[in-house]
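The values are calculated or read from the model by the stated rules, or taken from the named source; none is laboratory data. Since this is a predicted model, take the numbers as computed values, not measurements. Positions of Cβ are backbone-derived with ideal geometry, glycine not excepted, and every protein chain shown enters the neighbour counts. Keep in mind that these areas ignore ligands, DNA and RNA; they rest on the heavy atoms of the full protein, side chains included. Shrake-Rupley method; radii C 1.70, N 1.55, O 1.52, S 1.80 Å.
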Amino acid sequence: MKSKKILMIAAMSALLVSCEGKGGGMPDFGDNEFPVQQVSSQSASMQTTYPATIKGVQDVEIRPKVAGFITRVCVREGQTVGAGQLLFVIDNETYQAQVRQAQAAVNTATAQCNTAKLTYDNNQKLFEQNVIGQYELESARNTYASAQAQLAQARAALASAKESLSFCYVKSPSAGVIGSLPYKVGAMVSASSTPALTTVSNNSAMEVYFSVSEKDMLDLTKTAGSAQAAINAYPPVKLMLADGTTYGHEGKVTKASGIIDAATGSVQLIANFPNPERLLKSGGSGSIVVPRSDNSALIIPQSCVMEVQDKKFVYVLGKDNKVKYTEITVDPHNDGNTFIVRSGLTAGDKYVTNGITKLTDGMQIVPITPERYQQKIDEAAKVGTDGSAKGFVDAMQGKK
């Protein structure tokens, strides 16, 4: 008698365990019933993310046009500067001397030109009085012309010397924010120095670079009719920052690369984002989030899909209630809970939603609704929660 009680308790325990089955399986109801759902088209909102790099609308590397030692650094890192503002001063003693020398040459040439002009004017009067001949007049005229040319040459050399001197005063070509300052006072720099003196980044608005696949770009172009039309029709995009938060302003795709990267098979797009709070920094990173909508999407739960060697399968209910092991393809982007089916299923098909691990291809089942399936689960679970199972076990143990 005692052994029979033990067997009965073991049987009840097995029943309770089987009623708690979860995941891809389903409780063993002792029959061949499986929940079946019909595929229907519905609206779906999705989003696609792409790695992105943030750059200023205008990032200008500042390099000196002349070589020399830095004598002054007039800005600090992160400072906002205006166009034409002085950034660096390079040792200019040599260039100032060249300016003075060129100015002296201009003065000399000016005096020589004035003397030649006086001589020419005087010879012209003497020629009119028949005191000198044509040869003397032409010689004076040529000397005056030569003096004028020498004066022009000296003035050009002075302008060049002044320009070289101005290059010692490195100014910002545009408004923006100063980047890093790798060189200090006393450093020797030149036009070929690496890295640059600094970078001035115009961050009133930012350009965010990201890449889409060649196929996606072709699809957009074919749908819109042209690449420019595809860009104009591109939906507003969002920017996810490096800390996982979403940037407070939406961006607009404004440009696309005219070539395809042969190494990655992708096309680079550029989205423009306003930056009034100066939160975005040139050189930063993030992710572009592109919203998408599909008004006729076929959506099924991921829990009813089996994955075998990167392929996805579902059990479709066929004739005579026999299930067919059917391969499907899905959209690569999903929400983690459902798949959007691209091929393998059509609206109106019926598929098994739970218990798929117990099925085999061609197996005949008794289809039930998901609601009836849940009801049977609740009934099975109630056995272990309302005390009836415990009472049965107690009775088998002789407590009642």
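So GLY258 clears everything in (1) small (Gly, Ala, Ser); (2) surrounded by 13 or more Cβ atoms within 10 Å (Cβ to Cβ); (3) without any contact (Cβ under 8 Å) to a residue 60 or more places away in the chain except one condition, right? Which one?
Here GLY258 meets the rest and fails (2).
Look through the stretch 154-165, keep the residues that are surrounded by 15 or more Cβ atoms within 10 Å (Cβ to Cβ) and of a type in the set (Gly, Ala, Ser), and return whichever of them is nearest to ASP121 (Cα to Cα).
Taking the candidates together, the pick is ALA154.
Quick check on the stretch 68-88. Is at least one of its residues open to solvent by less than 20 Å² (accessible area, probe 1.4 Å) and either among the hydroxyl-bearing types (Ser, Thr, Tyr) or free of Cβ contacts under 8 Å to residues at least 40 places away in the same chain (or both)?
Step one: of the stretch 68-88, the residues open to solvent by less than 20 Å² (accessible area, probe 1.4 Å) are 68, 70, 75, 81, 87-88.
The next check asks that each one be either among the hydroxyl-bearing types (Ser, Thr, Tyr) or free of Cβ contacts under 8 Å to residues at least 40 places away in the same chain (or both); those that pass are none.
No, every residue in the stretch 68-88 fails to be open to solvent by less than 20 Å² (accessible area, probe 1.4 Å) and either among the hydroxyl-bearing types (Ser, Thr, Tyr) or free of Cβ contacts under 8 Å to residues at least 40 places away in the same chain (or both).
Yes or no, residue by residue, for (1) more than 17 Å from ALA196 (Cα to Cα); (2) surrounded by fewer than 17 Cβ atoms within 10 Å (Cβ to Cβ); (3) not hydroxyl-bearing (Ser, Thr, Tyr):
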| position | (1), (2), (3) |
| --- | --- |
| GLU61 | no, yes, yes |
| LYS65 | no, yes, yes |
| ASN92 | yes, no, yes |
| VAL99 | yes, no, yes |
| GLN103 | yes, yes, yes |
| TYR120 | yes, no, no |
| ALA152 | yes, yes, yes |
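Inside the stretch 324-363, can you point out the residues that are over 15 Å from VAL39 (Cα atoms), in contact (Cβ under 8 Å) with a residue 40 or more places away in the chain and β-branched (Val, Ile, Thr)?
ILE356, THR357
Filter the stretch 308-320 for residues that are under 18 Å from GLY362 (Cβ atoms), open to solvent by 60 Å² or more (accessible area, probe 1.4 Å) and of a type outside the set (Lys, Arg) and give the result. Before you say what the answer is, go through the steps one by one.
Of the residues in the stretch 308-320, the ones under 18 Å from GLY362 (Cβ atoms) are 308, 313-320.
Still in the list and also open to solvent by 60 Å² or more (accessible area, probe 1.4 Å): 308, 319-320.
Within the stretch 308-320, VAL308, ASP320 qualify.
If you scan the stretch 324-353, which residues turn out to be within 30 Å of VAL289 (Cα to Cα), of a type in the set (Val, Ile, Thr) and crowded, with 16+ Cβ neighbours inside 10 Å?
ILE328, VAL330, THR338, ILE340, VAL341
For (1) surrounded by fewer than 18 Cβ atoms within 10 Å (Cβ to Cβ); (2) at pLDDT below 90, each residue gets a yes or a no:
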| position | (1), (2) |
| --- | --- |
| VAL200 | no, no |
| VAL212 | no, no |
| ALA271 | no, no |
| SER282 | no, yes |
| SER285 | yes, no |
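Looking at the structure I just gave you, is VAL66 touching a helix residue (DSSP H, G or I) at 6+ places or on another chain (Cβ under 7 Å), hydrophobic (A, V, I, L, M, F, W, C) and modelled with pLDDT of 85 or more?
Spelling it out, VAL66 is indeed touching a helix residue (DSSP H, G or I) at 6+ places or on another chain (Cβ under 7 Å), hydrophobic (A, V, I, L, M, F, W, C) and modelled with pLDDT of 85 or more.
Restricting attention to the stretch 180-196, does a residue exist that is surrounded by 13 or more Cβ atoms within 10 Å (Cβ to Cβ) and within 22 Å of the chain's Cα centre (by Cα)?
No - not one qualifying residue is present in the stretch 180-196.
Based on what the data block shows, is LYS171 in contact (Cβ under 8 Å) with a residue 40 or more places away in the chain, open to solvent by 60 Å² or more (accessible area, probe 1.4 Å) and more than 32 Å from the chain's Cα centre (by Cα)?
Working: in contact (Cβ under 8 Å) with a residue 40 or more places away in the chain: yes; open to solvent by 60 Å² or more (accessible area, probe 1.4 Å): yes; more than 32 Å from the chain's Cα centre (by Cα): no.
No; evaluated as a whole, the condition is false for this residue.
Quick one: GLN228 ticks every box in (1) open to solvent by less than 80 Å² (accessible area, probe 1.4 Å); (2) part of a helix (DSSP H, G or I) bar one, so which box is it?
If we test GLN228 against (1) open to solvent by less than 80 Å² (accessible area, probe 1.4 Å); (2) part of a helix (DSSP H, G or I), just (1) comes out false.
Would you mention how many residues in the stretch 122-150 are touching a Phe, Trp or Tyr at 6+ places or on another chain (Cβ under 7 Å) and open to solvent by less than 60 Å² (accessible area, probe 1.4 Å)?
Adding up the residues that qualify gives 3.
Take the stretch 203-233 and flag every residue that is closer than 16 Å to GLY265 by Cα and not hydroxyl-bearing (Ser, Thr, Tyr).
PHE210, VAL212, GLU214, LYS215, ASP216, MET217, LEU218, ASP219, LEU220, listed by residue number.
Quick check: anything in the stretch 287-302 within 30 Å of LYS350 (Cβ to Cβ) and in a helix (DSSP H, G or I)?
Pass one, the stretch 287-302, residues within 30 Å of LYS350 (Cβ to Cβ): 292-302.
Keeping just the survivors that are in a helix (DSSP H, G or I) gives 302.
The answer is yes, given that some residue of the stretch 287-302 is within 30 Å of LYS350 (Cβ to Cβ) and in a helix (DSSP H, G or I).
Could you list, in sequence order, all residues of the stretch 354-371 that are among the hydrophobic types (A, V, I, L, M, F, W, C) and either surrounded by fewer than 15 Cβ atoms within 10 Å (Cβ to Cβ) or outside any loop (DSSP other than H, G, I, E, B) (or both)? Lay out the reasoning, then the answer.
Filtering the stretch 354-371 for residues among the hydrophobic types (A, V, I, L, M, F, W, C) gives 356, 359, 363, 365-366, 368.
Within the stretch 354-371, ILE356, VAL366, ILE368 qualify.
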